[in-house]
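Reviewing the structure listed below.
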């Protein structure tokens, strides 16, 4: 068997092929980047729209909750007055009940917001810097 010599490509042809492949890869990367940028813009617009609609729905819900609470307090006031309490005592009792509920919700809200202070992260960060040489 005689080995036939294989033709080796010239160096300048190999460099040109590598350069052409690099340009094709760079063009594909650019197209992918543009597509991802467009997708991100569409997602951001959708998220912004969702936040606006969700905020509007939450606002309407708060208004309805406030109205229902007022109606509930009015019914309770009429019930207490019908049970024999005078109007000043009835209104004072309902005001006290409302203030107690407001204080309890304020304490709850403060505790919830304290979790957003990243205390655990801050503690770990301080410990990391104390242990550094």
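The values are calculated or read from the model by the stated rules, or taken from the named source; none is laboratory data. Given the structure is predicted, the values throughout are model-derived calculations rather than measurements. Backbone-built Cβ (ideal geometry, glycine too); neighbour counts: all protein chains shown.
Residue by residue, here is whether (1) under 30 Å from residue 101 (Cβ atoms); (2) out of contact with any strand residue (DSSP E or B) (no Cβ under 8 Å at 6 or more places or on another chain); (3) outside the structural domain of residue 98 (by TED's automatic domain parsing); (4) modelled with pLDDT of 90 or more holds:
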| position | (1), (2), (3), (4) |
| --- | --- |
| 14 | no, yes, yes, no |
| 31 | no, yes, yes, yes |
| 36 | no, yes, yes, no |
| 40 | no, yes, yes, no |
| 51 | yes, yes, yes, no |
| 56 | yes, yes, yes, yes |
| 63 | yes, yes, yes, yes |
| 66 | yes, yes, yes, yes |
| 80 | yes, yes, yes, yes |
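Only residues that are modelled with pLDDT of 80 or more and either over 21 Å from the mean Cα position of the chain (by Cα) or surrounded by fewer than 10 Cβ atoms within 10 Å (Cβ to Cβ) (or both) were counted across the range 109-129, and they come to 8.
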